[in-house]
Structures are given as C-alpha cells and as structure tokens.
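In what follows, a single structure is set out as structure tokens and then discussed.
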Amino acid sequence: MKSIQILLIISLLSINFSYCQRKTLTIIGTVHFPSRNFNADTLFKILENTKPDIVLLELDSALFSRTFDKDFKLKYQSKENEPVATSKYIHMHPLTKAGYFDFPNRDYYRNQRGIKQAEINADQLLDSLYRIKVLTKRQAAIVKKFYALTEELNSYVERPLTDFNNSKTDRLAKRRQFYQHHKIRKVINECQEFSERTVKTNSGLIVSLKEAYGSLCDFWDLRNKTMSANILNVCHQNPGKKVVVLTGFFHRYYLIKEIQGKDRRL
C-alpha cells in the first residue's frame, strides 16, 4: 500500500492534515460553553469558512443520539457551542454529515472505576494537604506549579479562538496535563491519606482515592488514543471528504501527535 503522506499546515484557526490530496482533516480546538470571545456563532462562521463534508464532535454514540435527530437537528436546547453551531451549519448545508469520535460510553467507564466519584474528593484532599503545609517541599512545589499551569491554561477560555489554536497553547496544554497525570499522580501515590479514603463505584466496588486517581490518569491516555483512532477511521472510510474535528482545546495537542504518529506508520 502506498504510504499516506501528511502535510502539516499551521493556520491561525486550525491544523490541517492533507492525505495525498485525497483527504483533508482539520482539527479545531474549542471551548464547550460560550465565553467572552467564543460562542456558537463564532464556531458557525469557522465552519462556513472551512466548508466541511463531515463534522466530528467530542461526543460518544449515546450522547450523540441524545443530542441530534436523524436530520442533525437538536433534540433539546443545547448550551454547548459545538452542537449548536453544527446543527445550524448542516441546516444551511444539508449535504454535510455529523458524527462522533469520543471514547464509547465514556461516563459508564468512568463511573465503573470510581473516576467520576473521586475527581472532586481527590482535588479537595490534595488542596487541603497543600494549604495546611503537610506536604514535603518537593510535593508542595509540584502542586504549586500545577495550580499555576491550570490557571494559565484556563485563562485561554476567555480569549479569541486563535489564542487557543496554536503551537504555544498546545505546548502549555501538554505540560499542564503532564503535571496532572504524572507529577500530581506521584504526589498522591506518596500520601497515605489517598489510600485511606475511598469511593464507591457504580458497580459497587470500594476503591481508594489513590486507585481512582490512577484510573483517571490512565484514562486520559486511553481516551485520547481512542479518539485519534476513531478520527482516522472516519477519514479512511470517507476518501476525498473534508473532515473537521471539534474538540476541547485541552485535547488538541494529543490528537495532533497521535494522528501524525499513526499516519507515519501507514
């Protein structure tokens, strides 16, 4: 099979992947809910400029079917930018299709492993240990840096689209996520308090906050790798079609990395 060559085109709005001039994939980092400089109308204008044949949303199959009917009209008054903009665009361009690329049954997966149940509890316990100064100097420095990275990355939510669709923000997101899923995980593994406190999963199992947080971190990689594979499958099944992916901008760097890597192995 002839290798698929990838051309990386960096623009102000997105990163495009062109496959042998037969397929084009555009990944657009988004903010899920309206903010000061980004809303559904902003995203609709981007779709108008991009003119996709297929729009992929960060939804799993269950959420997608609850959001759209067979004509891609919204089944309820959504507050999220991506479904609203996509439905409006398809209404204006009825030959366009919409689809999903997220991890299948993602909330079920999280609930079965205590991820959803432990997220807030783990964050609150870590913050408490940090504020009462019982962490070691090294641990406290990691938490402080994680907080700073989180605050900086979250500030982009209120900025224009171009500010969170570029390589600089991708590098910031990558570093912030590395701290959360590796450095903070190590701190949690070192603190006995996270082994002593537990949550109950939807399947009835009792797991420690330490174990549940580890599952959260592992799921970040599993989810992004799955999403990347799902996106590539859609591209391969629709040769010659322009595919636009709408994803929360925290995910953008990971999807780009995975899709580039997988394409080189084809």
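Report the Stokes-Einstein translational diffusion coefficient (µm² s⁻¹, integer) for region 79-153, Rh taken as the Kirkwood radius over Cα pairs, at 4 °C with viscosity 1.567 mPa s.
Values: Rh = 16.4 Å.
It comes out at roughly 79 µm²/s.
Could you derive backbone 3J(HN,Hα) for region 191-203 from the dihedral phi with the Karplus parameters 6.51, -1.76 and 1.60 (θ = phi - 60°), listing whole Hz in sequence and x where the residue is Gly or Pro?
Once rounded to whole Hz, the list reads 9, 4, 4, 6, 7, 7, 8, 10, 9, 9, 7, 5, 8.
Could you tell me how many degrees, from 0 to 90 and to the nearest 10, lie between the Cα long axis of helix 81-92 and the main elongation axis, the longest principal axis, of the Cα atoms of the chain?
10 degrees
Nearest 5 is fine: what % of DSSP beta bridges in the chain come out antiparallel, could you say?
50 percent
Taking the Cβ of C217 as the center, what net charge do the other residues with Cβ under 12 Å away carry, scoring Lys and Arg +1 and Asp and Glu -1?
Numbers: positive: R113, K183, R185, K186, K210, R223; negative: E119, E211, D218, D221.
Result for the local shell: +2.
Compute the length gained on full extension between A229 and S203: take 0.36 nm times their separation in residues and subtract their Cα-Cα distance, giving the result in nm to one decimal. Intermediate results must be reported in sequence, preceding the final value.
Working: separation 26, 0.36 × 26 = 9.36 nm, distance 2.82 nm.
Length gained, A229 through S203: 6.5 nm.
Any chance you could give the angle, 0 to 90 degrees and rounded to 10, that helix 209-237 forms with the longest Cα principal axis of the chain?
So the inclination is approximately 10 degrees.
Add -39500 (n - 2.57) for each DSSP H run of 4 or more in the chain, then divide by its residues: what number comes out at 222 nm, to the nearest 500 deg cm²/dmol? Intermediate results must be reported in sequence, preceding the final value.
Values: 11 runs with 138 residues, N = 266.
-16500 deg cm²/dmol, from helical runs alone.
Summing +1 for each Lys or Arg and -1 for each Asp or Glu, what net charge is found among the other residues whose Cβ lies under 14 Å from the Cβ of F164? Numbers along the way, then the final one.
Working: positive: R36, R159, K168, R171, K174, R176, R252; negative: E152, E158, D163, D170.
Value of the local net charge: +3.
Can you sort K116, K262, K75, K137 so the residue with the fewest Cβ neighbours within 10 Å comes first?
On the way: K116 19, K262 16, K75 12, K137 7.
By the 10 Å Cβ count, ascending: K137, K75, K262, K116.
If we sort 33-39, 77-83 on the protection proxy, mean other Cβ atoms within 10 Å, highest first, what's the order?
Working: 33-39: 15.6, 77-83: 17.4.
Ranking, from highest mean packing down: 77-83, 33-39.
Looking at the square roots a ≥ b ≥ c of the eigenvalues of the Cα gyration tensor of the chain, which shape do they give, rounded for a/c under 1.5, prolate if a/b is larger than b/c, or oblate? Don't skip to the end; give the middle numbers.
Numbers: a/c = 1.85, a/b = 1.71, b/c = 1.08.
Taking the square roots of the gyration eigenvalues as a ≥ b ≥ c, the chain is prolate.
Please state the relative contact order of the chain as a whole percent: Cα pairs under 8 Å, 6+ residues apart? Write down the numbers at each step before the final one.
Numbers: 392 pairs, mean separation 86.0, N = 266.
Answer for the chain is 32 percent.
Any chance you could give the angle, 0 to 90 degrees and rounded to 10, that helix 40-50 forms with the longest Cα principal axis of the chain?
50 degrees
What lysines does K116 reach when the alpha-carbon gap must be under 21 Å and sequence neighbours fewer than 8 apart in one chain are set aside?
K183, K186, K200, K210, K225
Ranked highest first by average number of other Cβ atoms within 10 Å, how do 235-241, 138-144, 225-231 line up? Before the final figure, lay out the partial values.
On the way: 235-241: 13.7, 138-144: 15.6, 225-231: 19.4.
Sorting 235-241, 138-144, 225-231 by mean packing, highest first, produces 225-231, 138-144, 235-241.
Amide H of A98: which non-local residues (sequence gap of 5 or more, or other chain) have their own amide H closer than 5 Å, using H built in the peptide plane?
V55
Every number here is computed from the coordinates shown, using simple stated rules; none is lab data. What you are looking at is a predicted structure, and each value in this text was computed from that prediction instead of being measured. All Cβ positions, glycine included, derive from the backbone under ideal geometry; neighbour counts span all protein chains shown.
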